[in-house]
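The values are calculated or read from the model by the stated rules, or taken from the named source; none is laboratory data. Remember, it's a predicted structure, so these values are computed and weren't measured experimentally. Quick reminder, even Gly has a Cβ in these numbers, built from the backbone with ideal geometry, and neighbours come from all protein chains shown. Ligands, DNA and RNA are stripped out before the accessible areas are found, and what is left, the full protein with its side chains, is counted by its heavy atoms. Shrake-Rupley method; radii C 1.70, N 1.55, O 1.52, S 1.80 Å.
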Amino acid sequence: MADSTSPSAQPSNRGVMIVLSYLWILALVPLLTEKEDQEVRWHAKHGIVLMVAEFAFWIVFSIFMNLFAMATLGLGCLVALIGPLIGLAILGLHIFAIVQGLNGKRLIIPVVSDFANKF
């Protein structure tokens with residue numbers, strides 16, 4: 001009978017941690033818990049930097065859309081309809097990054113990856 005406490009008998013949680021790495025604030029879980037697995041830490045760092053970049057983007061986008069709406073007496077509301085499309089594109093980016101990570105690859109996002117590699 002095999003010993004169920006041996007390290008090889010325990011299931012790897014690398015896939016779960018890579019998925020969590022790209023689920024916005026949940027990226028902190030793999031970053032704080034997986035000290036040994038450098039691949040998971042790479043994805044977690046990139047997920048956190050991506051989250052911060054998206055947050056900054058949405059703040060700038062909201063300010064721009066409000067100023068545009070005021071300047072055009074409300075016509076900016078029609079232009080603001082691209083917001084949900086941008087949100088879907090960001091969600092697609094996260095899904096693509098998860099799939100790449102689960103397949104053992106790294107998604108390199110030009111500015112985000114450069115910044116994430118610094119820490």
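Assorted remarks:
- Theoretical FRET efficiency, 1/(1+(r/R0)^6), r = Cβ-Cβ of Leu26 and Asn117, R0 22 Å, to 0.05: 0.55
- Peptides 97-110, 59-72 ordered by average Cβ neighbours within 10 Å, highest first: 97-110, 59-72
- A 1.4 Å probe run over the chain, with the rest of the protein chains in place, finds 66 Å² accessible per residue.
- Computed from the C-beta positions of Ala56 and Leu78, the FRET efficiency with R₀ = 30 Å rounds to 0.75.
- Note, ³J(HN,Hα) from phi for the range 65-72, Karplus 6.51, -1.76, 1.60, rounded to Hz, x at Gly and Pro: 5, 5, 5, 5, 5, 5, 5, 9
- Under the convention that each Lys and Arg Cβ holds +1 and each Asp and Glu Cβ holds -1, the size of the dipole of the range 26-119 around its Cα centre is about 80 debye.
- Extension gain for Phe68-Ile86 works out to 4.7 nm (0.36 nm per residue, less the C-alpha to C-alpha distance).
- Accessible-area order (highest first, 1.4 angstrom probe) of the listed residues Glu36, Glu54: Glu36, Glu54
- Evaluating kT/(6 pi eta Rh) at 4 °C and 1.567 mPa s, with the Kirkwood radius of the range 47-119 over Cα pairs in the Stokes-Einstein relation, gives 92 µm² s⁻¹.
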